[in-house]
Amino acid sequence: MRGWWALCCSLLAVPALAADPLPAAEAAAWLQRMADASRRLPYEGIFVMQQGDRLQTLQVENHPAGLGKESRLVVLDGQPREVFCTGTGSVSMDLAVKGTRFERRLGSRHFPDLLPEHAADLATWYSVRLGDSARVGGQACRQVELMPKDMFRWGYILCADATTGLPLKATVVDENRRPLLRYAFVKVRQGGSGRLSKQFPAIRGNPGVARQVEDSAVEVSQLPPGFVQVAAIKRRLNHRASEVEHWVFSDGLTYISLFVEPAPRKAVNMKGQSSRGMVNLLTRQVGRQQVTVLGDAPWPAVEFIARGVSEK
């Protein structure tokens, strides 16, 4: 057990500072190469994810499907769970529940598919640097750093396969380069049959059905530079009697959610940070609505959006 922990810690260590920023065109090329590899290449493997003192092991497989992809993510420890992803979204299956419980999720990205489809655009908001060569999961890779040019995003340190560009390791860091979240393959094989080993599940009914927000009681007047609205739906959440509006804003790498619901009689403004320091949250009353903004993003980004919400 001690040997396994030592192996994981060595894989998840934060690399040293890289060289000077790349010119814009070269930076865009590196970003796009890594993004394309994570979608268009067939691969399968096992990776570890560490956040704080929590360590989890997952199995992943990915196969191209038309202009998009199909992927399957399996949690190997703790509660049995699988996630199937396509280009239009994903479905999470809780296998520990009798009869299997399904849940639709927004988005379909997971490690190593962390970068957006048009990843070259990130060079506007992140400085890209090349670091040393390394070896992860038995394969040679090159360190690539994405450091934010402002206070609205976390930094990313990736290690891209030397031949294909597939990210084999990723570390999310704060403004002081302290690790917040880390991923690393312990075993990976690129290439394959081109089809999932287990078919996308046949889902009965419409779990987690969502409707588009057509007329909200609030509006958002400001977003951090580079962020755009990517979704605005109505959905039911656990422990909520009625539907909640769920808006999502992103720069392609960082995601921030806004939840809108009727304000309770005793509304309380609240702000906070997760125990592991990556998730920030702010709740406030806007007219007759209660809005909650949260995301895996620095506090200034969450506060910037929350302060820009007003009643129509």
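The values are calculated or read from the model by the stated rules, or taken from the named source; none is laboratory data. Predicted model, so just to flag it, every value in this text is computed and none were measured. Reconstructed Cβ throughout: ideal geometry from the backbone, glycine too, with neighbour counts over all protein chains shown. To get the accessible areas, we keep the full protein, side chains included, count just its heavy atoms, and leave off ligands, DNA and RNA. Shrake-Rupley method; radii C 1.70, N 1.55, O 1.52, S 1.80 Å.
Annotations for the structure displayed:
- Sequence-distant residues sharing a close amide H with GLN290 (under 5 Å, placed H): GLU261, ALA263
- Total formal charge among the other residues, if their Cβ is under 13 angstrom from that of VAL128, Lys/Arg +1 and Asp/Glu -1: 0
- Excluding ligands, DNA and RNA, the accessible surface per residue across the range 26-89 is 42 Å² with a 1.4 Å probe.
- Accessible carbon and sulfur surface of the range 118-168 relative to its total accessible area, %, 1.4 Å: 49
- Working note: Karplus 6.51/-1.76/1.60 with θ = phi - 60° gives the range 164-176 the couplings 9, x, 5, x, 9, 7, 8, 10, 8, 10, 8, 5, 9 Hz, where Gly and Pro are set to x.
- Sequence-distant lysines (8 or more away, or on other chains) whose Cα lies within less than 19 Å of LYS198: LYS69
- Calculated FRET value between LEU76 and ASP53, using beta carbons and R₀ = 22 Å, to 0.05: 0.75
- Karplus-based coupling profile of the range 260-269, in residue order and whole Hz: 10, 8, x, 6, x, 4, 10, 6, 10, 6, with θ = phi - 60° in 6.51 cos²θ - 1.76 cosθ + 1.60 and x standing for Gly or Pro.
- Positive-end residue of TRP299, VAL228, ALA263, charge dipole of the range 209-312 with Cβ unit charges: ALA263
- Simple label model, 7 Å out from Cα along Cβ direction - VAL228 to ALA162, nm: 3.8
- Estimated FRET transfer efficiency (GLU117, ARG288; beta-carbon r; R0 25 Å; 0.05): 0.05
- Taking amide H as placed 1.01 Å from N in the peptide plane, the amide H of LEU22 sits under 5 Å from that of VAL128, ARG129, LEU130, each at least 5 places away or on another chain.
- Amide N proximity, the range 288-302 versus SER310 label position 7 Å along Cα-to-Cβ, cut-off under 12 Å: none
- Å² of accessible area per residue within the range 239-312, as computed with a 1.4 Å probe and no ligands counted: 50
- For the range 51-65, backbone phi angles converted through the Karplus equation (6.51, -1.76, 1.60; θ = phi - 60°) give residue-by-residue couplings of 9, x, 9, 9, 10, 10, 10, 9, 10, 9, 9, 9, 9, x, 9 Hz, Gly and Pro being listed as x.
- Listed by chain and number, the aspartates and glutamates placed with their C-alpha closer than 12 angstrom to that of LYS271 are GLU303; residues fewer than eight positions away on the same chain are left out.
- Anchor LYS234: lysines whose Cα lies under 23 Å away (excluding residues fewer than 8 positions away in-chain): LYS312
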